[in-house]
Amino acid sequence: VQLQASGGGLVQAGGSLRLSCVASGSIFSILTVGWHRQAPGKQRELVADITSGGRTNDAGSMKDRFAISRDNAKNTVYLQMNSLKPEDTAVYYCAARDWTGKWSYWGQGTQVTVSS
């Protein structure tokens, strides 16, 4: 499984972005896919994940502003980010769990920068 993240950019505080994660491979539709982020000097953290059946897990303080969704027909998972804050500045990665539950498949990351 190969993952390609896109949609990052520079946005002002209060703005919105939608990230996309496109996957290759026919098994994508059965995988749990998540968005993670890593800010400078901080550990990578899970933002949200979504199961093959569409059940979501919204982690952290972003859950009221961010929403994860997927379109299995397009092999794509999205992260809609609203009311962005400067502290949301990070590299955002999409990843997929393997059959053991480990985050084994990672995309290259997309930079999100929120200016104040």
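Within segment 46-114, considering only strands (runs of 3 or more DSSP E) that don't extend past its boundaries, which have at least 2 residues that are more than 15 Å from residue 24 (Cα to Cα) and modelled with pLDDT under 95? Ranges flagged: 56-58. Filtered by the rule that a residue be in contact with a strand residue (DSSP E or B) (Cβ under 8 Å, 6 or more places away or on another chain) and either surrounded by fewer than 14 Cβ atoms within 10 Å (Cβ to Cβ) or aliphatic (A, V, I, L, M) (or both), segment 19-39 gives 19, 22, 23, 24, 25, 31, 33, 39.
State yes or no: is residue 20 touching a Phe, Trp or Tyr at 6+ places or on another chain (Cβ under 8 Å), without any contact (Cβ under 8 Å) to a residue 24 or more places away in the chain and within 20 Å of residue 103 (Cα to Cα)?
On the way: touching a Phe, Trp or Tyr at 6+ places or on another chain (Cβ under 8 Å): yes; without any contact (Cβ under 8 Å) to a residue 24 or more places away in the chain: no; within 20 Å of residue 103 (Cα to Cα): yes.
So residue 20 fails the test.
The values are calculated or read from the model by the stated rules, or taken from the named source; none is laboratory data. As the structure is a computational prediction, the values presented were derived from the model and not from experiment. Ideal geometry is used to build each Cβ from the backbone, glycine not excepted, and the neighbour counts take in all protein chains shown.
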